[in-house]
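As structure tokens, the structure follows; a few thoughts come after it.
The values are calculated or read from the model by the stated rules, or taken from the named source; none is laboratory data. Since the model is a prediction, treat every value here as computed from it, not as a measurement. Every residue, glycine among them, receives a Cβ derived from its backbone with ideal geometry; neighbour counts consider all protein chains shown. Only protein heavy atoms, including side chains, enter the accessible area calculation; ligands, DNA and RNA are left aside. Shrake-Rupley method; radii C 1.70, N 1.55, O 1.52, S 1.80 Å.
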Amino acid sequence: MFKSAWDKLNTDLYQQHPYFDSRFIEAMLQYFAHDAVWLCVHQSGGVIDGMLLVQRKGVTKWSLFLPAQAQVTPLLLQNPAILAQLLPLLPGFTLGLDLPCQDPAYSPINSDSSPLQATIMPHALTINVDVSAGSFADYLQRRSKKFRQNLQRRFDKVQQVGLHLTLNCFTKAAEMEHALTQFGALESKGWKEKIGTAVHLNNRQGQFYLQLLQNFAKTEQACVYQLCLNDQPVAMELCIASAQMLILLKTAYDEDFSAYSPGRLLLYLLLQREFLCKRVQTVEFYTSADHNDLAWADGQRWISHHMLLRNPAVRYCHQFLKSR
């Protein structure tokens, strides 16, 4: 019922951010909404100008809905001040609302956006690459000399042992089941299988990604990159896109080939292709970047957790207890 209104807000506010697309949200709700999730809708003059998904978190607190498969949380609000109206309306006696994983580039919440804000906690440093700025050669020149030398050594090492590199890109809905099967085979060979989080087509994660990629592929907004060495898949990347960005959703690589850094080789070839295609403006990593990741970056920003409290008195008590 509210799907079109949700997508319109996402378009108006965030240029159709893929993580906020209703197809992504529907799949998350279908596979990972274990407890009740409430859709909150705000209207002004009969026009919907605010939507968000929340679930209870304890007796007196609520939180935006955020499964582990999403790295940022949608907060579709024309005016963040309307959040003050929400807290008293939530079921029970609500003292606070957590707003986890807010991307400052795609969120109405910042340090000055609401007098109810109590805390900001940095969560993850994400990075991006501007693939609209010149050529791939220009991009490489913006990297350090050491970075370029290290990459060249990786490619030389592959060549020296007689391995042939191939980059495949699956983009059609009919290809996604095969691509996910191969992706799952890579994850099943590593540590994720040991802890029970590897993607398989017969588990919840695998079904989620299959539905997601198939739905996005129908509008040419999904791709699965695959790196092969002598025709053997050694690294893969699941991606979804809008006209603005390509999001790197999930990576898998064959740990038996870790000496060749297959994930890094795949990223290099992926970026090279995206610079050539010019189909998006940025490639968004949505990761917790370390110094190795930062070497690839054109831009970086902190994804942060925020908390809103019911009134100034609750905020004062919270800050007092926190300081003790």
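Summary table
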{"item": "Qualifying residue in the stretch 95-106 (condition: closer than 30 Å to Thr197 by Cβ, open to solvent by less than 10 Å² (accessible area, probe 1.4 Å) and free of Cβ contacts under 8 Å to residues at least 40 places away in the same chain)", "result": "no"}
{"item": "Test result for Leu29, open to solvent by 40 Å² or more (accessible area, probe 1.4 Å), within 17 Å of the chain's Cα centre (by Cα) and not charged (D, E, K, R)", "result": "yes"}
{"item": "In the stretch 145-180, the residues that are over 19 Å from Gln226 (Cα atoms) and either surrounded by 14 or more Cβ atoms within 10 Å (Cβ to Cβ) or touching a Cys at 6+ places or on another chain (Cβ under 7 Å) (or both)", "result": "Phe147, Asn150, Lys157"}
{"item": "Selection status of Val234, at pLDDT 95 or above, in contact with an Asp or Glu (Cβ under 6 Å, 6 or more places away or on another chain) and surrounded by 18 or more Cβ atoms within 10 Å (Cβ to Cβ)", "result": "yes"}
{"item": "Residue match in the stretch 186-196 (condition: of a type outside the set (D, E, K, R), outside any loop (DSSP other than H, G, I, E, B) and touching a residue at least 60 places away in the same chain (Cβ under 8 Å))", "result": "yes"}
{"item": "Selected residue (only one of Gly46, Gly134 is within 30 Å of Phe2 (Cα to Cα) and loosely packed, with under 15 Cβ neighbours inside 10 Å)", "result": "Gly46"}
